[in-house]
1. Between the helical axis of 4-19 and the dominant principal axis of the chain, each derived from Cα atoms, what acute angle in degrees is found, rounded to the nearest 10?
2. Just grab the label-to-label distance for residue 159 and residue 133, each label 7 Å out from Cα along the Cβ direction, in nm (one decimal).
3. Where does the chain land at 222 nm, in deg cm²/dmol rounded to the nearest 500, when only DSSP H runs of n ≥ 4 count, each adding -39500 (n - 2.57), divided by all residues?
4. Order of 128, 18, 47, 84 from fewest to most other C-beta atoms within 10 Å?
5. Considering all alpha-carbon pairs of the chain, what whole percent are spaced by more than 25 angstrom?
6. Simple spin-label model, 7 Å along Cα-to-Cβ: residue 145 to residue 10 in nm?
7. Round to the nearest 0.05 the FRET efficiency obtained for residue 112 and residue 42 when R0 = 35 Å and r is the Cβ-Cβ distance.
8. Over the chain, with a Gaussian network built from C-alpha contacts below 10 Å, which listed residue (63, 137, 49) shows the highest mean-square fluctuation?
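Just so you know, all these numbers are worked out from the coordinates, no wet-lab data involved. Not measured: the values here are computed from a predicted model. When we count neighbours, we look across all protein chains shown, and the Cβ atoms used for this are built from the backbone with ideal geometry, even at glycine.
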C-alpha cells in the first residue's frame, strides 16, 4: 500500500510530464511556486493544504477524492464512462458551430494531428475552452482504446494549439 503523498507525487509528475509542461509552467498555471511543485513531485513536501493540492491537481486535469481502498473491478459501466469522453468533447467543440464535429473525427484529429479544414474552429474551441479534466479524459480514452501513448496525445494537442494560435496558458 502506498502513501497518499507518494500517490499524489507520482500522479502529478506523470501528468505534468505527459502534458509536456515544465515544473515552472505548472507552477504558473496553479499559482504555486516551482519549489512547491518540485517538493510535491519528489514527495518531500512537509505541509500541503487541501486548497493548494486542489489548485495543483485542477491545473493538470486531476482531482482529489476520499475513498475506501478496495479493488477496482473493470465493469461495463466504468468502461462506458470512459468511452463517453470523446462524445462529450465533440459536443463541447461543436456548441457554437452550425455543423457539429463527430467524436470519430476528433479521434482522427487527435490521433494524427491533422484536422480537416472545416473543423479547425471546432478543434480550436476544444483546445482553448474545454476543461483540462475533459481533455485529460479524452487522452485517457485514446490511450486505452487506441494504444497511443498519453504523452504523444498531449504533444499533438499542444502542436494543434500552436498551429491554431491558442492563447490558453496551458499550451505555452
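1. For 4-19 against the chain, the angle is about 30 degrees.
2. Distance between the two pseudo-spin positions: 3.0 nm.
3. Numbers: 10 runs with 110 residues, N = 172.
Helices in the chain give a 222 nm mean residue ellipticity of -19500 deg cm²/dmol.
4. Numbers: 128 16, 18 19, 47 6, 84 13.
Neighbour counts put them in this order, fewest first: 47, 84, 128, 18.
5. Working: 5362 of 14706 pairs.
That fraction is 36 percent.
6. Each label point is offset 7 Å from its Cα along the Cβ direction, giving 2.7 nm.
7. On the way: r = 36 Å, r/R0 = 1.04.
The value I calculate is 0.45.
8. So, out of 63, 137, 49, the one fluctuating most is 49.
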